[in-house]
Structure formats: C-alpha cells, structure tokens
Amino acid sequence: MTHEMNHYFTDFQKFQNNGAAKSPAWVNDLRKSALADFEQKGFPTTKQEDWKYTNVAPIAKAQFAYSSKAGMVDPEFVRSLLVEGIDQFVITFVNGHLSPEHSTMEGLPAGVVVKNLIEAYITHNNLVEEHLTKYVQYQKNTFTALNTAFINDGVFVHVSAGVEVTKPIALLFISTVNNGEQTASHIRNLIVAEDGAIVNFLHNFASVEGVNTNLTNVVTEIIAKKNSIVELVKVQRESESAFHVENLYVHQHRESNVHIFSLAVGGAIARNDMSVIIDGESTECNLNGLYITSGEQLIDHHTFIHHIHPNCPSHELFKGILFDKSRAVFNGKVYVEPEAQKTDSKQTNRNLLLSDDAIVDTKPELEIFADDVKCTHGAAVGGMNETHSFYLKTRGISEGSARGILTVGFAAEATQKIRHEALRRHVDGIVVDHLRKKFGTGNLPDIVHG
C-alpha cells in the first residue's frame, strides 16, 4: 500500500462503522472485495496505455476525505441547474448524499421508481442485487474499484415495462466545501429501463463555490432492455479546480435505442469513460459529446462501443473547443465481433484550437472482425477558419465577435444530437453562456437549430 492510499483505508474503517453498517451483507462483501482490488492496483500512471495522456498524480496525492454528510445548498442555486420552463422530476445529492429538501418526486407515473440507493436496498433489494456491479467490472478500473469500496448512496431508477416517463428526470449532484476539507463523493447510480420503457435524464454535476477542489468519483450503470428508449444528457460544469471521474456503462438489449450526450466544461482534471455494450440485434446506439477547455484544464473522454450482434447502427460525434494552455484527450474504440454482420458504425472527433498553446491527443479506433460492415472513423484538429472569419469581418463584425460566432456554430453541430428539445435548449444555453465568458463578449448569438 502506498502512502498516497493510506487515508482511504482509514476512511473506509470509519465508513464501515458509520453509514455503511446498515447496508445488506452482500453490499458489505462487495465493498471489501473492491477495496482489496483498489489496494492491489493503486492509482493509474501515464505508463499505462489508457492513461498515457492523463496524469492523475494531483488526485492521487490529495488527501480527499469521504464526505459523511450532505451540507447546505441555497435553493436558488439548485433551481439554476434545472431545465427552465418545463415540468421535471428532480432528485438531488449534495456531496454524494440525498438532499430530500431539494428533490421533487411528486406525480411519478405508476411503475416508475426514483429514489436513492440506500432506500432502494430496503424496498427493491432483489432488483438492485440483480444488476448492481453485474455490468461494470471494478477489477479493471482503479476509480471504479474505489467507488465500489465506498458504495453508499446515489440514484436508483426503475421504469417498468411499457411505461413512458413524459417528463425528464433531473439527477443533480452538487459538491460543496465541508469545513474547508477536500472531500470525495463516491456516487453510484443504477438505471433500469424494462422492455418498451421510454425515459429521459438530465445528469448534472455542479459545484457551489467558485474554488472547490473536491473529487467527484461516479459510476453509472444503465440497463436498456428490449425495445426501450433511453436518453441521458450529462452536464459537467464543476469548479475548474475540482476533479471529476465517471465510468458510464450502458448495456443494451435487442431493439433498444440509447442516446448519450456529454457536455464537459468543468474540472481541473475530468475523465469520462463511456462504454456501450450492444447485446441484441437491431439495436441502435448514439454516443455524442462536446468539451470546452480553458486555462490549464484537462478533459479526457475514453469511449468504447462493442458490437456483438448483427444489424446494429452506432453513431458517435465528439467535438472539442480549446482555449489557453488547456488540453483534451479523446480515445474512442468501436469493436465489431465476427457475428456482428451488417454493422453500420461512424465515429468522428473534431477539435477547434483557439490558442497556439492548447493541445489535443486524439485516437479514434476501429477493430473489426466481421466482413459485411460499413464502418468509418476520423479525427481533425485545427484552428479557426480564417476565410470564414474574414467574411464576417467584411460585414462589419469585429474579429473577436467573428471568432465567437464561428465557435458557436462549431458547437451547435454537437448539441444538435440531443433529441429532447428542452434538454437541447438547456445545453445550448450553457454552451453559449460559457463561450461568452471565455470570449469576454455578450454579442455571441444563441444557438438556433434548423
């Protein structure tokens, strides 16, 4: 055990003697197994292929303490994170713990369960035990092992067969300073959509304080069963001095349709691992995202789409906008099994560098073992198109505004991928507000999709 890991084991003992004591025996056994795996693996280093461009030494060296309580949050701040102008269900967590006073679950349709994991152990233990950790493997990822060792709270969603949830469900995860300590929130989410279910999510991460160096370590498992439709829109805009790691794992059954979108603008270091297993014929996957970095931020996306059965399309578009001395990493792999004939897969990564000091490391990959497929991939890294900029300037638009307008247009292609109209408007507003701050002008236009 390294010195950098010692305090996690001290925290684990406190955790076991406090909040974790009420969990089922199978959860406690799982925690102990994951802790042993975390001890064996240690934190990843840049010598490992999957982490060669992302140095997590600042996370490993920090003394993050497990947060034992939620903390206080202004209701107005919570409201600012919600989708404006529509009805929505809301479940809120502060420092990894349920905040009932900031949650609104009234009016859920029959057959829909939205609650925190601690309560789900009591009311839906068999269902939780059937799915939790059965898909994402903590043995393969240090941060997932650490998350599993501290499994305690997070959201549990179950949508019964044939039920459509007409209002989006907002999952809010807020971090706040707790007595001046650097805290760690190990959030575990489990979403199960049964046959024919339809549901949309806003997956929202934010920090209260301007300077918040907390660690948010998340594992989210989504099971989309036959003929279900699931859309999850993630917004990560935590403090630019915070640390964020999420392993998002989707398991799709036959004829299901999943849409995932990730907007990442926060964090000193933010790492998103996104894996989709297409485990059924005639299944569609859409995995898209936009990241905007500035200062010395590092935002890393690693994606994996696994085609197992025939006749399954997958579409992937990730775009990046980089300012200052920031850095972005994109590594996307599409893996096609021999049985996955008629696979139609397209993967694209495009990056706009707005500074000579910004860096992108991009590596799209295809690994194909079937012979009747249509698969493409590509990556592009470049600066502002000066011809387009010149055209706008000849129309009396200042150089700064011209660059901003073109950047908004670049971002719009990515946000267009969000299917739910209200969620798309919400993300568009965040993107434009963020870019206005970075360009230092309020003259940038709103995003309008055709």
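Bear in mind that the values in this text are calculations on the coordinates, not laboratory data. It should be emphasised that the depicted structure is a prediction, and the values quoted were computed from it without experimental measurement. Reconstructed Cβ throughout: ideal geometry from the backbone, glycine too, with neighbour counts over all protein chains shown.
Considering N272, N247, which residue is in contact with a strand residue (DSSP E or B) (Cβ under 6 Å, 6 or more places away or on another chain), over 24 Å from G429 (Cα atoms) and not aliphatic (A, V, I, L, M)?
Result: N247 is the single residue among N272, N247 that is in contact with a strand residue (DSSP E or B) (Cβ under 6 Å, 6 or more places away or on another chain), over 24 Å from G429 (Cα atoms) and not aliphatic (A, V, I, L, M).
Condition first: within 21 Å of the chain's Cα centre (by Cα) and over 30 Å from N6 (Cα atoms). Can you find one or more residues in segment 130-143 that meet it? First the steps, then the outcome.
Keep residues of segment 130-143 that are within 21 Å of the chain's Cα centre (by Cα), which gives 131-143.
Retained after the next criterion (residues that are over 30 Å from N6 (Cα atoms)): 131.
Yes, that holds for at least one residue.
Of the numbered conditions (1) surrounded by fewer than 24 Cβ atoms within 10 Å (Cβ to Cβ); (2) outside any loop (DSSP other than H, G, I, E, B); (3) among the β-branched types (V, I, T), V218 fails exactly one; give the number of that condition.
(1)
Taking helices (runs of 4 or more DSSP H) that do not extend beyond segment 345-450, which have at least 3 residues that are hydrophobic (A, V, I, L, M, F, W, C), without any contact (Cβ under 8 Å) to a residue 24 or more places away in the chain and under 30 Å from E49 (Cβ atoms)?
Here the list is empty.
Which members of segment 114-135 meet the condition of being surrounded by 16 or more Cβ atoms within 10 Å (Cβ to Cβ) and in contact with a Leu (Cβ under 9 Å, 6 or more places away or on another chain)?
Those that are surrounded by 16 or more Cβ atoms within 10 Å (Cβ to Cβ) and in contact with a Leu (Cβ under 9 Å, 6 or more places away or on another chain): V114, K115, N116, L117, I118, A120, V128, H131, L132, T133.
Hey, G162 hits all of (1) of a type outside the set (K, R); (2) on the phi < 0 side of the Ramachandran plot; (3) surrounded by fewer than 23 Cβ atoms within 10 Å (Cβ to Cβ) but one; which does it fall short on?
Against the list (1) of a type outside the set (K, R); (2) on the phi < 0 side of the Ramachandran plot; (3) surrounded by fewer than 23 Cβ atoms within 10 Å (Cβ to Cβ), G162 comes up short only on (2).
Quickly run through segment 244-255 and pick out the residues that are buried (at least 24 other Cβ atoms within 10 Å of the Cβ) and touching a residue at least 60 places away in the same chain (Cβ under 8 Å).
V245
Within segment 280-323, track down each residue that is surrounded by fewer than 19 Cβ atoms within 10 Å (Cβ to Cβ) and under 18 Å from E246 (Cα atoms).
If the condition is that a residue be surrounded by fewer than 19 Cβ atoms within 10 Å (Cβ to Cβ) and under 18 Å from E246 (Cα atoms), then F304 is the only one that fits.
Exactly one of (1) β-branched (V, I, T); (2) surrounded by 18 or more Cβ atoms within 10 Å (Cβ to Cβ); (3) assigned to a loop (DSSP other than H, G, I, E, B) is unmet by I59. Its number?
(3)
List the helices (runs of 4 or more DSSP H) inside segment 69-184, counting only whole elements, that have at least 1 residues being among the hydroxyl-bearing types (S, T, Y) and in contact with a Pro (Cβ under 7 Å, 6 or more places away or on another chain).
By residue number, 117-123, 142-149.
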